[in-house]
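J.: Please find one structure pasted underneath; my questions will follow.
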Amino acid sequence: MSTAAASDVLLDVRDLNVSFTTEDGVVRAVDGVNFTVTRGQSVGIVGESGSGKSVSMLTIMGLSRARNATITGSATFEDVDLLNASEDELRRIRGDDIAMIFQDPLSSLHPFYKVGWQLIEAVRAHRDVSKAQARERAVELLGLVGIPSPRERADSYPHEFSGGMRQRAMIAMALANEPKLLIADEPTTALDVTVQAQILELIGRLQQELNMALVLITHDLGVVAEVTEEVNVMYAGEVIERASTARIFSAPQHPYTWGLLRSIPRLDRPRDEPLVPIPGRPPSLISPPKGCRFFARCPYEPDGARDTHPELEGASDEPGHEVRCLLARDTRREIWEQLKQGKTPDQVRRALTVQQGAG
């Protein structure tokens with residue numbers, strides 16, 4: 001969280017802006033993002049597709065550099081400014097101090113090479129060891145992530161693995177050199193629910209055992225509940241709410257976060273209760289709204305939201321809980337209490353209108 005001592009901060013991202021020049025105009029994919037990750041901490045970045053969460057982390061890894069990209073701000077990993085680091089510096093850090101699990105393991109693993117060979121290359125790229133030593137490390141890693149008969153499976157090709165096993169192999173590759181920071185980009189999207197739970201449990205366990213920092217990118221708040229301590233909710237290129245994971249689920253403050261929570265199934269609600277999708281679509285990042293970027297989809301119509309762009313500011317008495325919203329704090333608290341009781345956004349809005357008229 002923001003209260004961490006400077007010596008504990010592993011990654012410090014300040015005012016990160018990423019835009020891409022296209023034929024249709026300049027796409028502001030990431031707009032003024034700030035966050036920190038401390039040693040051993042697990043942080044979730046949540047939002048819809050196109051919210052900027054993946055671009056943020058790809059930029060930090062140096063993977064969004066392109067002729068049409070404009071990147072400003074800073075991303076300091078220990079003492080290295082990743083945004084201004086040379087390609088050689090980034091190659092030294094990537095796969096060693098920082099590793100990333102990508103969304104699609106089949107496209108991330110080379111189909112023409114055996115899984116063990118790819119793990120061996122990942123080890124030898126950063127460690128001065130023999131092929132025999134690297135192979136033993138590869139077998140050890142496959143066993144660590146729960147792949148049965150790891151010595152035999154090291155000689156398998158990616159297409160001979162199931163989806164869950166390929167994802168485990170990707171995790172093994174990411175852990176090959178015991179990174180200080182692991183970035184997992186939608187690591188369970190293409191997996192069935194049972195395998196998804198196994199992968200999340202595995203990531204959480206390894207993160208604790210190896211004392212790695214973890215950044216988990218997902219569109220699913222149910223996923224971050226499993227393994228993260230802090231959540232950053234992104235919308236239209238901005239962080240719109242940040243809090244501890246427990247706080248995000250018990251007392252969220254932003255209408256978008258409420259919408260995300262109401263759109264996932266819950267065991268403590270009636271089985272026949274319908275899920276409530278968030279109406280509308282995110283705004284264009286070529287010409288984002290002047291005011292609140294969520295205004296067109298917000299059921300509560302805060303005063304001035306069309307023309308006033310809200311700042312990220314303290315949302316509650318809990319340190320580190322911040323929100324980007326023009327609704328008054330007491331109003332936000334009251335709305336959430338009514339939503340928890342099962343009322344719809346329309347019912348809540350009507351109740352607020354009646355109260356304001358009576359006042």
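J.: Identify, by number, the condition in (1) assigned to a loop (DSSP other than H, G, I, E, B); (2) modelled with pLDDT of 90 or more; (3) surrounded by fewer than 17 Cβ atoms within 10 Å (Cβ to Cβ) that THR331 doesn't meet.
T.: Status for THR331: all satisfied but (1).
J.: Related question: Would a scan of segment 52-67 turn up a residue that is without any contact (Cβ under 8 Å) to a residue 60 or more places away in the chain, aliphatic (A, V, I, L, M) and more than 25 Å from ILE199 (Cβ to Cβ)?
T.: yes
J.: A further question on this structure: Residues of segment 272-282 being at pLDDT 90 or above and either under 26 Å from SER244 (Cβ atoms) or in contact with a Phe, Trp or Tyr (Cβ under 9 Å, 6 or more places away or on another chain) (or both), which ones?
T.: PRO282
Results for (1) over 17 Å from VAL223 (Cβ atoms); (2) touching a helix residue (DSSP H, G or I) at 6+ places or on another chain (Cβ under 7 Å); (3) outside the structural domain of GLU209 (by TED's automatic domain parsing), shown as yes or no for each residue.
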position	(1), (2), (3)
PRO150	yes, yes, yes
GLN167	no, yes, yes
GLU186	no, no, no
ASP192	no, no, no
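J.: Among the residues of segment 318-337, is any farther than 23 Å from VAL18 by Cβ, in contact (Cβ under 8 Å) with a residue 40 or more places away in the chain and among the hydroxyl-bearing types (Ser, Thr, Tyr)?
T.: No, segment 318-337 has no match at all.
J.: Among the listed residues ARG293, ARG297, ARG269, which satisfies the condition of being at pLDDT below 75 and either of a type in the set (Lys, Arg) or outside the structural domain of THR245 (by TED's automatic domain parsing) (or both)? Working first, answer last.
T.: Details: ARG293 fails: at pLDDT below 75; ARG297 fails: at pLDDT below 75.
So the residue among ARG293, ARG297, ARG269 that is at pLDDT below 75 and either of a type in the set (Lys, Arg) or outside the structural domain of THR245 (by TED's automatic domain parsing) (or both) is ARG269.
J.: Within segment 174-184, take every residue that is surrounded by fewer than 24 Cβ atoms within 10 Å (Cβ to Cβ), modelled with pLDDT under 90 and in contact with a Leu (Cβ under 7 Å, 6 or more places away or on another chain) and give me the one that is nearest to VAL227 (Cα to Cα).
T.: Checked segment 174-184; the qualifying residue nearest to VAL227 (Cα to Cα) is LEU175.
J.: Specify the residue that is modelled with the highest pLDDT; the eligible residues are those in segment 107-138 that are surrounded by fewer than 21 Cβ atoms within 10 Å (Cβ to Cβ) and touching a Gly at 6+ places or on another chain (Cβ under 8 Å).
T.: ARG135
J.: List the number of the failed condition for GLY95; all other conditions in (1) within 24 Å of the chain's Cα centre (by Cα); (2) of a type outside the set (A, V, I, L, M); (3) more than 22 Å from GLN207 (Cα to Cα) hold.
T.: All conditions pass for GLY95, except number (3).
J.: Let me ask something additional. Can you tell me which of (1) touching a helix residue (DSSP H, G or I) at 6+ places or on another chain (Cβ under 9 Å); (2) under 15 Å from ILE240 (Cβ atoms) is the one ARG349 doesn't meet?
T.: Among (1) touching a helix residue (DSSP H, G or I) at 6+ places or on another chain (Cβ under 9 Å); (2) under 15 Å from ILE240 (Cβ atoms), the lone unmet condition for ARG349 is (2).
J.: Counting only residues that are on the phi > 0 side of the Ramachandran plot and within 16 Å of the chain's Cα centre (by Cα), how many does segment 48-86 have? Talk me through it step by step, then tell me what you get.
T.: To start, the set of residues in segment 48-86 that are on the phi > 0 side of the Ramachandran plot comprises 50, 52, 62, 73, 78.
So of that shortlist, the ones also within 16 Å of the chain's Cα centre (by Cα) come out as 50, 52.
Looking only at that region, the number is 2.
J.: Taking segment 275-313 as the search range and keeping residues that are of a type in the set (Gly, Ala, Ser) and surrounded by 13 or more Cβ atoms within 10 Å (Cβ to Cβ), which one is nearest to the chain's Cα centre (by Cα)? Give the derivation first.
T.: Of segment 275-313, the ones of a type in the set (Gly, Ala, Ser) are 280, 284, 287, 291, 296, 304-305.
Filter once more, so that each one left must be surrounded by 13 or more Cβ atoms within 10 Å (Cβ to Cβ): 284, 291, 296, 305.
Working: SER284: 21, GLY291: 25, ALA296: 24, ALA305: 27 Å.
Across segment 275-313, the extreme among qualifying residues is SER284.
J.: Only one of GLY73, GLY40, GLY47 is more than 22 Å from ARG293 (Cα to Cα) and in contact with a helix residue (DSSP H, G or I) (Cβ under 9 Å, 6 or more places away or on another chain). Can you tell me which? Working first, answer last.
T.: Values: GLY73 fails: more than 22 Å from ARG293 (Cα to Cα); GLY47 fails: more than 22 Å from ARG293 (Cα to Cα).
Being more than 22 Å from ARG293 (Cα to Cα) and in contact with a helix residue (DSSP H, G or I) (Cβ under 9 Å, 6 or more places away or on another chain) holds for just one of GLY73, GLY40, GLY47, which is GLY40.
J.: Filter segment 164-201 for residues that are closer than 30 Å to GLU78 by Cβ, without any contact (Cβ under 8 Å) to a residue 40 or more places away in the chain and of a type in the set (A, V, I, L, M) and give the result. Write out each step before concluding.
T.: Initially, segment 164-201 is screened for residues closer than 30 Å to GLU78 by Cβ, giving 167-188, 199-201.
Add one more test, that the residue is without any contact (Cβ under 8 Å) to a residue 40 or more places away in the chain, and what stays is 168, 178, 188, 199-201.
The answer is ILE199, LEU200.
J.: Still on this structure: Take the conditions of a type in the set (Asp, Glu) and touching a residue at least 60 places away in the same chain (Cβ under 8 Å) and apply them to ASP15. Does it pass? Let's see the steps before the verdict.
T.: Details: of a type in the set (Asp, Glu): yes; touching a residue at least 60 places away in the same chain (Cβ under 8 Å): no.
No: the conditions fail for ASP15.
The values are calculated or read from the model by the stated rules, or taken from the named source; none is laboratory data. Bear in mind that the values here come from a model prediction, so they are computed numbers and not experimental data. For neighbour counting, all protein chains shown are included, and Cβ atoms are generated from backbone atoms with ideal geometry for every residue, glycine included.
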